[in-house]
């Protein structure tokens, strides 16, 4: 129903973003002005200083929203909706360049050939160390050492410029000229010429940014986009040609062949006289395998003389500079407006990475919220919060216990010889108690939020109903305190979630288990707060009530209970908070409805919009409860702390 | 109306550090109906213990107290209490506090409302009925406590330093109020106080108690309370006779205090 708003999301979010920034600036100026004009400002430490300050509330809320809108890239989308599509084309070029680029020490680290060389030499040194320890015969030892020496020479054969054959050098030169050609094309205004009809059609079919999750429309749709897209395609072929180049000079190939023979003869030599020590046999086999493995890697021919690739590196730097300058303002937009991540091109599509991925945009989140708030859609076929027409009989069934039918004297009717059952009074009572009768329907709330709410309220209700009286008695009677104290103090410190697996096993994954878990949480808190309240009753009040003729019962109800109300209400306030936390975690463990369930499913699907929606719902509900409790406290115990 | 009789009253406490404290040792006295008694003494002489026993909050370890023919074994409506700090129920309004005792008895609300209004009028709080008690000053709270106690029509009113927490001016006004109520209702009243002046003024009879063991040290019969009903209390306090007695008692208490200090 809010879809039409989503059409104008760019304008709306942009306006709100600017308004929020204006609010923050206004509030800061207003606050400073207020401090300057209030000459009678209280001294430091005076609580009066903390009174009021709505402008700071606005600043705080605005700051949160600004951070959200900014880091989720909603602002970026609002002010330049095409940016993501263009950056996607830039990303395509980057990911085409990257395989070559990572060969060179352009961003960080060693030249690729250098790190390969270092690794192979390290392996060879380790193998050389092993030779003495493997109990080889002299003949085997000299064979092994010779192989390792030969291997070192083979590597030198690759790094030495004199062995590099001219064909490979020619391939390098070709790559350089192709990269330079691409650089020139990028600089050319007319490259790649007019888009084809297919490209235009694809561009028109592009969805809007973020219409499907965090996907970004991939087809190029602007002159800059076409340019980068075409360059990316061309770069891809250059990259794949480059990666096929091997340092296969004749000297090296001859050495490899020789090495293969050396290792094979070492292998036969070692296997000819295995000895009896099984561990040694295994270690020797590993040694030979290790040599083979190093040879196989050296065989790839990925190491070149140190300066052989300099021209390619220079060409790449030039290409990089050119593509950066071709990005123009887009590059600064990317840096400024899309913080904490980048747009990355995958094999078939582009996506937001970083905060843009896990922090959904407020506008998208609101749309998702609006969508799943729609009772027709809901989440997993169940609305968030709606109503359902339920027969009145269901409620009767819930309230009236079924066993009252068993209390009625007589037997249930039997079927007669014609197969007909005639109901009697007893069976009618049973039908009534089980709600098995035609009745009108009444609207009852239902939905994920309602289910969670109901569980919390039920747990809280039983916790209060049972916890408060016990707490009061524990504050008044030595027996109850001594008897129940160890019980409660033992189970209370255990985190509720530690109980969860056990309780969910006993009571099942339905409502019962969760309500019982919440009851346990609320019960302990209520007992302790009621007990504190009862023990805190001033003795003179009890004395006064006694001498005014109150009975013990009356003193409990009219003096001790009201006197404990502040502690009890504070206890309820704490219990609500803890119950919410426990409930959501319990719903994540098991169950098929509830906010925790929604979040858990969303987590499995990496649906960050739903995750944030549930977080916001939980936050708002918590705030609502707390405001309610504050109101209750102000309304019902204004005398708190004033006795 | 009935007399208050204390017979061989003793109270011994076990102390945590070992040993025993004789808070009261063989206290004997008779308080006739309608008498106004003030009890004075240095700290730790057992004044409050005596009052708590009479109220029925504590049981004596020896002897007994009788009100009329009945031995006191627990708290009861026939003995009203007024505490140092009102001990009001702050969750109730003024009139709900005053008619607390009546409600506990289940008195007809219409009848009790009339009585509450009457008593609020007597203690000078007419029209304050619907105000929460925590919004009132200390003096007003003490007036409520007085009304709450008197509405139950007790035979004996026990006051444990009732004016101790009030400022000097309010205190003088309240002293007159206590005298007025004593005269008008003819109740037996027992007041425990730290102030010698107050004890002289609010005591037809005055017990000076001595500590270790707690006992009745000296008894006075004084004319000031009777005079205070009609005369200005400040004139009485300035009279020669009043000052003389005051100095005598002050010296007596000073000596006791010094004796205690010496022991320590």
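The values are calculated or read from the model by the stated rules, or taken from the named source; none is laboratory data. Nothing here was measured: the structure is a model prediction, and the numbers come from that model. When we count neighbours, we look across all protein chains shown, and the Cβ atoms used for this are built from the backbone with ideal geometry, even at glycine.
A few comments on the model shown:
- Only one of the numbered conditions (1) surrounded by fewer than 17 Cβ atoms within 10 Å (Cβ to Cβ); (2) modelled with pLDDT under 85 is violated by residue B:127, and that is (2).
- Out of B:47, B:105, B:73, B:111, one residue alone is over 14 Å from the mean Cα position of the chain (by Cα) and either within 29 Å of residue B:166 (Cβ to Cβ) or within 11 Å of another protein chain (Cβ to nearest Cβ) (or both). It is B:105.
- Any hit, region A:534-545, residues being more than 14 Å from chain B (Cβ to nearest Cβ) and either assigned to a helix (DSSP H, G or I) or touching a helix residue (DSSP H, G or I) at 6+ places or on another chain (Cβ under 9 Å) (or both): yes
The rows are residues; the columns are (1) loosely packed, with under 12 Cβ neighbours inside 10 Å; (2) within 47 Å of the chain's Cα centre (by Cα).
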{"position": "A:163", "(1), (2)": "no, no"}
{"position": "A:170", "(1), (2)": "yes, no"}
{"position": "A:183", "(1), (2)": "no, yes"}
{"position": "A:190", "(1), (2)": "yes, yes"}
{"position": "A:195", "(1), (2)": "no, yes"}
{"position": "A:202", "(1), (2)": "no, yes"}
{"position": "A:208", "(1), (2)": "no, yes"}
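- Every condition in (1) part of a helix (DSSP H, G or I); (2) over 30 Å from residue A:15 (Cβ atoms) is met by residue A:369 except one, and the failing one is (2).
- Only residues that are under 22 Å from residue A:638 (Cβ atoms) and within 14 Å of chain A (Cβ to nearest Cβ) were counted in region B:117-129, giving 0.
- The number of residues in region A:364-379 that are in contact (Cβ under 8 Å) with a residue 60 or more places away in the chain, out of contact with any strand residue (DSSP E or B) (no Cβ under 6 Å at 6 or more places or on another chain), more than 14 Å from residue A:71 (Cβ to Cβ) and surrounded by 16 or more Cβ atoms within 10 Å (Cβ to Cβ) comes to 7.
- Tally of residues being in contact with a helix residue (DSSP H, G or I) (Cβ under 7 Å, 6 or more places away or on another chain), buried (at least 21 other Cβ atoms within 10 Å of the Cβ) and either in a loop (DSSP other than H, G, I, E, B) or within 14 Å of another protein chain (Cβ to nearest Cβ) (or both) across region B:50-70: 2
- Restricting region A:625-643 to residues that are in a loop (DSSP other than H, G, I, E, B) and free of Cβ contacts under 8 Å to residues at least 60 places away in the same chain leaves a set whose member that is farthest from the other protein chains (Cβ to nearest Cβ) is A:638.
- Residue, farthest from the chain's Cα centre (by Cα), within region B:80-94, restricted to residues that are at the interface with another protein chain (Cβ under 7 Å from one of its Cβ atoms) and outside any loop (DSSP other than H, G, I, E, B): B:80
- Counting only helices (runs of 4 or more DSSP H) that fall entirely inside region A:42-134 and contain at least 1 residues that are within 30 Å of residue A:324 (Cβ to Cβ) and within 31 Å of the chain's Cα centre (by Cα), the qualifying elements are A:54-71, A:74-79, A:83-101.
- Check on residue B:225, crowded, with 18+ Cβ neighbours inside 10 Å and more than 23 Å from residue B:82 (Cβ to Cβ): no
- Lone unmet requirement of (1) over 18 Å from residue B:188 (Cβ atoms); (2) within 13 Å of chain A (Cβ to nearest Cβ); (3) touching a strand residue (DSSP E or B) at 6+ places or on another chain (Cβ under 9 Å) for residue B:160: (1)
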